[in-house]
Each structure stands twice: as C-alpha cells, then as structure tokens.
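Novice: Here it is: the structure, laid out below.
The values are calculated or read from the model by the stated rules, or taken from the named source; none is laboratory data. Owing to the predicted nature of the structure, the values given are computational and were not obtained by experimental measurement. Counting neighbours? That spans all protein chains shown, and the Cβs are built from the backbone with ideal geometry, glycine included. The protein model used for the area step is the full one, side chains on, heavy atoms only, and it has no ligands, DNA or RNA in it. Shrake-Rupley method; radii C 1.70, N 1.55, O 1.52, S 1.80 Å.
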Amino acid sequence: MMSAVVGAGAGTARAMACAAAGEGRMTARARASTNGGSAAGWRVARWGEGRAGRSRVSGGVGGGFSGVALGGAGRAGADKLTAAVAVNGKRAPSIDEMDMDPEHVKFASQDELDQSEIMKCKDGVCSYVIDDIIAPVKSDMEQMRSNILDIVGRKNPLLLAAADQIFGAGGKRLRPVLVFLVARATAQLMDMDDITERQRRLAEITEMIHTASLVHDDVLDDCDTRRGAETIHTLYGTRVAILAGDFLFAQSSWYLANLDNLEVIKLISQVIADFADGEISQAGALFNCDVTLEGYLEKSHNKTASLIAASCKSAAVFSEVSEDVKMDMYEYGKHLGLAFQIVDDILDFTQSEAQLGKPKGQDLASGNLTAPCIFALGRNSRLRELIETQFADPEDLAEAIEIVNESGIEDARRLAREEADMALAALKGLPEGKAKTSLVDMVGYVLERLY
C-alpha cells in the first residue's frame, strides 16, 4: 500500500518524506504540517490493494494541536470536534494510569506519584482526565477483563496465577479502550442499537496480543517490574513467562480466526508480523548513528502504532461503515500510536529518574536511538562520537543526554504534534457524541504529557 498525506497551514511548514519496505509492502509519506497556524486543510490520496486512487479533503482543523496551547481552555478539532475545557481542580493523571507505554517502566508508588510533578500541566492542573475519557466504555472494559481472566484460567489453571498478575497489574488498558470507543462511535454512525459481540471479542484479542508482547519483551529485556508489580518471569521464572506469552498469542489467534472476517484476520495477523519486524530492526540498529527518521518511524509503527491502527480499523469493519471511514480509523490509530511513542521517547530525556521510574536516557544508553537523538545528531557532531564509542567514559552518557536536550527535543515535540494533528483530522467523519469526544481527548491526553 502506498499513501501520501499532505497538510497545509498558516504556520511554518515542514516537509518530511518517509519510505519504508517490509513484508511486500511499501509506504511513502510526505507531509507539511502547521506549527502555529490557525487552520489546516488535509488532502489524502491513497492507492493500494487493487483499489482505484481516491482523494478527499476534510474540513479544516482549527489550529489542531500545533497552534494551540494544550493547557488552555479551548481548542478546535476536525469538523467541529468538541472543544476541550480545562478540568480545574482535578489531579493530573499519574504515570501508572498510562498503559500504552511500549517500553519497560518501573513505576513509583502512588504516594510518590502524588508528591511529584509527573505531568507538567499548567498550574499543576491538566485538561484531560483519563477516567473521564474512559467513562463511555467503562462497563465494556470491566466485562472484557473478566472474560480474559476466565479464558486463561479455564484453559490453563497452571497459568491462572500468572494471568491474574498480568491483567491485574494496573494501567488503563488504552488499546481496548480505543477499540470500544471506535466501536461505539461507528455504531452511532450506522444507527446500531449497541456494539456487536465480535467487537467485544476484538477488544479481548487486542489486549491479549499486547500483553503477550509485553510478557515476552520483559523476558528479552530482563525487566523486573511493570506498573509497580513484579513481572511474570521474575515471579514464576522464564519458562512460565514464555509459555504465558505463547498461550496468549495462540489464544488470540484462535479467537481471531473465529471472528470469521477475512479483512480483520489479515489486519491483526499483520500486527504480529510487525512486532517481530520492529524488534529485529531495533536490535540491528543499536548504536547506529546513521539511522534515519524514516527508519525510526517505521520501527515505531511496527512496535507501537500497528496494533492500535489495525484494531481501530477492525472495530469499524464490524460496524459495516464505508471504506473511507474504515481508513480514517486506521489513520487515527496509526498517528495516535506514533504520537504516543514520540512523546514517550521525549520523556526519556526530559523527565527525572524519579518521574520515569527508571534511569534517565535508558534507551540511549542501550543504543536505541529515538527521535530526539536523531534530530540532535544532525546538529552536534560530538553526539556521534559519544554514541559510536558506546559511552566509554562514565560521564559520556550524561553529556550525550545534555546534547539531546539542547538540540533534539523541540523538533521531536513538533513531530509529535504533527502526528497528533493527523490523528485529529481522521475523526472528521464520526458523529458528535461521547465516544467521539473521548477519541479527541485521547489525542490531547497523549500530548499533554509533554507539558
């Protein structure tokens, strides 16, 4: 599939060309995004899978997130997206409420979180409260968690304790939340009485796939804790952890096949292939100062955005919406996932060890070069020297982190906002309602962590 996305606005325009190849696919993307304008128009042309090309223009995105301060009282989104109002007086969400973290974080205790500046929101008050975003699908999520525990325990009593540890370790499980929100928004679009059982099962499949990948990642990275709780391989050993991950992958594949929809089967199956591609590409590029922004975005898509994009589109498939709306949901999930990953990579440099719950600059220390580092490499040759010697001297890592903070953070923030703008633009075809409002606010929630 090949796609081109171009946005134009009144602010400073920046163009980016991305090309990526893998599994017989090629994606090329060029975009210019507003960084301070009051309006942006989006034109999308797409070709692929035997379809004739089509183009569409959405209503302007008033400012998007590039031209509006997130801590402020209002913003405009695509096609009259609901204006956000700062929720004064409410506590900022804590880090352990941010489940979409693709890396491995040792989370602080709740008391430590309450006493720290986890999110740098204006005057200590954030505009987006995760419980409010999840509220439209809270009962759906409760049912999903119960079903998953029953599936694992009934099939394999040996894994029941491990399953309780996996699915009871906190977090807001934002991937299935997004599935339910898209399901409800598209069901409203199609005048359905309720979401379907297949959409409910899709949310379970999405969570099982994501969790399986985390369990295996913890083994690969020898991670001892996740969301403040000990990991499966720490508690039960590597053998049980690998078996638990394998079981979740296998069970999700079985349920996926029983959805009896070839389009969805192809979408979700590609995600599992993308996971492997992402891990392999990351392992093969450690300490490689010639890694490109395009390569970084492709890896980030494979490791983080692919599952979110595919599950959002799959939820729309089961509402039997038009092809345009299905692709919009894919674009929303993809760009939201990329924005989240970029923000997460920025925070690895800008937050303290107490806020992160892990050493600052841990990705850089391990040779995983992310967006802030890639931007900084283009401005400071000293950074290349430090990375290529793999931080031989004890003070080298601290120097490299300082260089990245000085030379790479602002461009990475701009990139995250561009991805967020594109996620917002993709919501133009959804009807106004609680589900759409939450989908809009989820974008703001992701970006708000920058401030």
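Novice: Given (1) open to solvent by 10 Å² or more (accessible area, probe 1.4 Å); (2) farther than 15 Å from Y296 by Cβ; (3) of a type outside the set (D, E, K, R), where does L377 come up short, assuming only one miss?
Specialist: Condition not satisfied by L377: (2).
Novice: Determine whether L297 is under 21 Å from the mean Cα position of the chain (by Cα), within 19 Å of L174 (Cα to Cα), assigned to a helix (DSSP H, G or I) and not β-branched (V, I, T). It would help to see each step written out before you state the result.
Specialist: Details: under 21 Å from the mean Cα position of the chain (by Cα): yes; within 19 Å of L174 (Cα to Cα): no; assigned to a helix (DSSP H, G or I): yes; not β-branched (V, I, T): yes.
Considered against the rule, which asks whether it is under 21 Å from the mean Cα position of the chain (by Cα), within 19 Å of L174 (Cα to Cα), assigned to a helix (DSSP H, G or I) and not β-branched (V, I, T), L297 comes out as no.
Novice: Another question about this same structure. Among (1) part of a helix (DSSP H, G or I); (2) surrounded by fewer than 24 Cβ atoms within 10 Å (Cβ to Cβ); (3) within 26 Å of the chain's Cα centre (by Cα); (4) not charged (D, E, K, R), there is one condition P372 misses while meeting the rest; what is its number?
Specialist: P372 satisfies every listed condition except (2).
Novice: Can I ask one more? Pull up the range 395-411, narrow it to residues that are over 17 Å from L347 (Cβ atoms) and among the acidic types (D, E), then point me to the one that is least open to solvent (accessible area, probe 1.4 Å).
Specialist: So, considering only residues that are over 17 Å from L347 (Cβ atoms) and among the acidic types (D, E), the one least open to solvent (accessible area, probe 1.4 Å) is D396.
Novice: For the range 412-421, enumerate the residues that are out of contact with any Pro (no Cβ under 9 Å at 6 or more places or on another chain) and open to solvent by less than 10 Å² (accessible area, probe 1.4 Å).
Specialist: Of everything in the range 412-421, those that are out of contact with any Pro (no Cβ under 9 Å at 6 or more places or on another chain) and open to solvent by less than 10 Å² (accessible area, probe 1.4 Å) turn out to be L415, A416, E418, E419, A420, D421.
Novice: State the number of residues belonging to the range 303-327 that are over 18 Å from I205 (Cβ atoms), open to solvent by 10 Å² or more (accessible area, probe 1.4 Å) and under 18 Å from the mean Cα position of the chain (by Cα).
Specialist: So the answer is 1.
Novice: Residue check: is L248 out of contact with any Pro (no Cβ under 8 Å at 6 or more places or on another chain), part of a helix (DSSP H, G or I), modelled with pLDDT of 95 or more and open to solvent by less than 40 Å² (accessible area, probe 1.4 Å)?
Specialist: In short, no.
Novice: If I go through the range 438-451 residue by residue, how many of them are assigned to a helix (DSSP H, G or I) and open to solvent by 10 Å² or more (accessible area, probe 1.4 Å)? First the steps, then the outcome.
Specialist: Restricting attention to the range 438-451, the residues satisfying the condition of being assigned to a helix (DSSP H, G or I) are 438-448.
Going one step further and asking which of them are open to solvent by 10 Å² or more (accessible area, probe 1.4 Å), we end up with 441.
Going through the range 438-451 one residue at a time, the tally reaches 1.
Novice: Cβ-Cβ below 6 Å, separation at least six or inter-chain, first residue in the range 382-394 and in a helix (DSSP H, G or I) and open to solvent by less than 30 Å² (accessible area, probe 1.4 Å), second among the hydrophobic types (A, V, I, L, M, F, W, C) and modelled with pLDDT of 95 or more: which pairs?
Specialist: Listed by first residue and then by second, the contacts come to L383/A376; L383/L377; L383/A400; L383/I403; L386/A400; I387/F287; I387/C289.
Novice: Go through A416, A435, A412 for me and flag whichever is over 14 Å from the mean Cα position of the chain (by Cα), farther than 20 Å from V179 by Cβ, in a helix (DSSP H, G or I) and of a type outside the set (D, E, K, R).
Specialist: A412
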